[in-house]
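Every read-out reported here was derived from the displayed coordinates using simple, explicitly stated rules and does not represent laboratory data. Since the structure is predicted, the reported quantities are computational estimates derived from the model, not experimental observations. Ideal geometry is used to build each Cβ from the backbone, glycine not excepted, and the neighbour counts take in all protein chains shown.
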Amino acid sequence: MQHTDDTTLRRILEQTQIIALVGASPKPERPSHGVMRFLQRQGYRVIPVNPGLDGQILNGERVYARLADIPEAKTGHIDMVDIFRNADAALEPTREAITIGAKTVWMQLGVINEAAAGEARQAGLDVVMDHCPAIEIPRLGIAAKK
């Protein structure tokens, strides 16, 4: 697994504005729910993606079934796709991230998919695996966005 250095993590997190969170959950006890709330409090716009919740509102944002359904995806304005799926299921959202022109594919803690990472890197995207932005932001001392 290719390690992502702190300089790259900082650049990604400081430049990112809009995050599509694949695998969003309405259950407060689920990690994806807590991370979404944390990122929103840090000033990121976080758009939830979950086919089973399509059209519902989660943490103030409409849920979409697929990345391609997000209006900002149609204009190339999704900076990061944060994947809260098991490693075997990471390839499909990675390919969707490439298709919509995302800048970064971020796979959460425990999510390592070298094939997906390779495709994303080949397409010019930054790739982070086995990290959580809710851990990295405070660790790196990144200030909340205004």
### Task
Specify the residue with the greatest mean-square fluctuation among I70, I135, I47, computed from a Gaussian network of the chain linking alpha-carbon atoms under 10 Å apart.
I135
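Rounded to the nearest 500, what is the 222 nm mean residue ellipticity of the chain from helices alone, with -39500 (n - 2.57) per DSSP H run of 4+ residues and division by all residues? Display every interim value, and only then the final one.
Numbers: 6 runs with 52 residues, N = 146.
Only helices count here, giving -10000 deg cm²/dmol.
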### Message
What lysines does K145 reach when the alpha-carbon gap must be under 23 Å and sequence neighbours fewer than 8 apart in one chain are set aside?
### Response
K103
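With an 8 Å cut-off on Cα pairs and a minimum separation of 6 or more residues, tell me the relative contact order of the chain in percent.
Numbers: 271 pairs, mean separation 34.8, N = 146.
Once normalised by length, the contact order is 24 percent.
Where does each of H3, H77 land when they are ranked from fewest to most other beta-carbon atoms within 10 angstrom?
Numbers: H3 9, H77 15.
Ordered by Cβ neighbours within 10 Å, fewest first: H3, H77.
Please compute the volume of the convex hull spanned by the alpha-carbon atoms of the range 6-139 and report it per residue in Å³.
On the way: hull volume 13.0 nm³, N = 134.
Hull volume normalised by residue count: 97 Å³.
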#### Entry: Proximal aspartates and glutamates to K74, defined as alpha-carbon separation beneath 14 angstrom and excluding residues fewer than eight positions away on the same chain
E96
### Task
Output the relative contact order of the range 4-87, whole-number percent, from Cα pairs under 8 angstrom with separation of 6+ residues.
33
### Task
In a Gaussian network model over the chain where Cα atoms closer than 10 Å are linked, find which of R62, R11, R85 has the largest mean-square fluctuation.
R11
### Summary
Quick shape summary for the range 10-54, equivalent ellipsoid via Cα gyration tensor, semi-axes whole Å in descending order, reads 20, 12, 8
